[in-house]
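> Handing you a structure now.
The values are calculated or read from the model by the stated rules, or taken from the named source; none is laboratory data. Remember, it's a predicted structure, so these values are computed and weren't measured experimentally. Every residue, glycine among them, receives a Cβ derived from its backbone with ideal geometry; neighbour counts consider all protein chains shown. Note: accessible area is taken over every heavy atom of the protein model, side chains too, but ligands, DNA and RNA are not part of it. Shrake-Rupley method; radii C 1.70, N 1.55, O 1.52, S 1.80 Å.
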Amino acid sequence: MGIDLNRVRSLCLAVPMALIAMAMVSSSASAQQYRPAPQGDDIAYLQLGAVSELVTLELYRGAAHSKALDANEKQTFKRLADQTAKGWLKLNSLLGEGAISREIFTVKIPAGVLRSRAKTVALAVRFEKLLAGLYLGGVESTIDPPTRLLIGHHLAMSTRDLAVLQNLGGDAPKLRAPKQLSVEYVGEQFERYLAIPGA
């Protein structure tokens, strides 16, 4: 009885792929068993993520009540606001004494933006691109595995929300992957919408 070389080749390819898949699932499952314990520069991604999510949350909350948007669009922004609030709380809960609060930062979304449907959607798209770029860098650079998994989850949410917003703006689906952005650059972009209370 002869040996089926094609079957052997298939098995040789299938076994390593199965092992890789099992390793990924095992790694993800084990990471979920532990609370994130950010190390070194990990904290920078969490802090900036929390600040950026807070700014984005305020835009979405404002858009959910904007007269420039119709009822369905307001409902979309309300759902985005609810999901962003949950994400912000998860990030913020890991910061301890460095947690971000409205006592530290006041968010200033220009009123002119919220009076225009096009400007509101464009700024929302811009924010999600910045978040996706930040989280992509975080996935590459984060040391602590559970923290990396959390940041990866936020990357997935940002890319999903970006697709929703681009569709809302009438854009064709973008097939390009998010562009990795530095902490410094993302911080500069979101800083424009922040003020220190009483300053």
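> Each residue of the range 161-169 in order: what ³J(HN,Hα) in whole Hz does its phi give by Karplus 6.51 cos²θ - 1.76 cosθ + 1.60, θ = phi - 60°, with x for Gly and Pro?
In residue order, the calculated couplings are 5, 4, 5, 4, 5, 5, 5, 4, x Hz.
> If R₀ is 30 angstrom, what is the calculated FRET efficiency for the pair Arg115 and Gln180, using the beta carbon separation as r and rounding to 0.05? All intermediate terms of the calculation are to be shown ahead of the outcome.
Working: r = 34 Å, r/R0 = 1.12.
Efficiency, from the Cβ-Cβ distance: 0.35.
> What whole-number value in Å² describes the accessible area per residue of the range 121-186 for a 1.4 Å probe?
49 Å²
> Name the residues whose placed amide hydrogens come within less than 5 Å of the amide hydrogen of Thr106, ignoring near sequence neighbours (fewer than 5 apart) on the same chain.
The list, which skips near neighbours in sequence, is Ala195, Ile196.
> Compute the whole-percent fraction of alpha carbon pairs in the range 131-194 spaced more than 15 Å apart.
Numbers: 1154 of 2016 pairs.
That fraction is 57 percent.
> How big is the convex hull of the Cα atoms of the range 53-140, per residue, in Å³?
About 95 Å³ per residue, rounded to a whole number.
> Using alpha-carbon positions, what is the distance between the centroids of the range 42-84 and the range 133-193, in Å?
If you average the Cα positions of each part, the centres end up 14 Å apart.
> Quote to one decimal, in nm, the extra length available between Arg160 and Lys67 on full extension: 0.36 nm per residue of separation minus the C-alpha distance between them.
Length difference between fully extended and current span is 30.9 nm.
> With a Förster radius of 25 Å, plug the Cβ-Cβ distance of Ser93 and Ala122 into 1/(1 + (r/R0)^6) and report the FRET value to the nearest 0.05.
Working: r = 31 Å, r/R0 = 1.25.
So the FRET efficiency works out to roughly 0.20.
> Let me ask something additional. Using amide H atoms built in the peptide plane, which far-off residues or other-chain residues are under 5 Å from Leu94 H to H?
Those lying under 5 Å, H to H, from Leu94: there are none.
> Using the Karplus curve 6.51 cos²θ - 1.76 cosθ + 1.60 with θ = phi - 60°, what ³J(HN,Hα) values do you get for each residue of the range 52-66, in whole Hz, with x for Gly and Pro?
5, 5, 5, 4, 4, 4, 5, 5, 5, 5, x, 5, 5, 10, 6
> Mark the label point 7 Å from the Cα of Asp171 along Cα→Cβ and return the residues of the range 108-150 whose backbone N is within less than 13 Å of it.
Flagged as within label range: 119-133.
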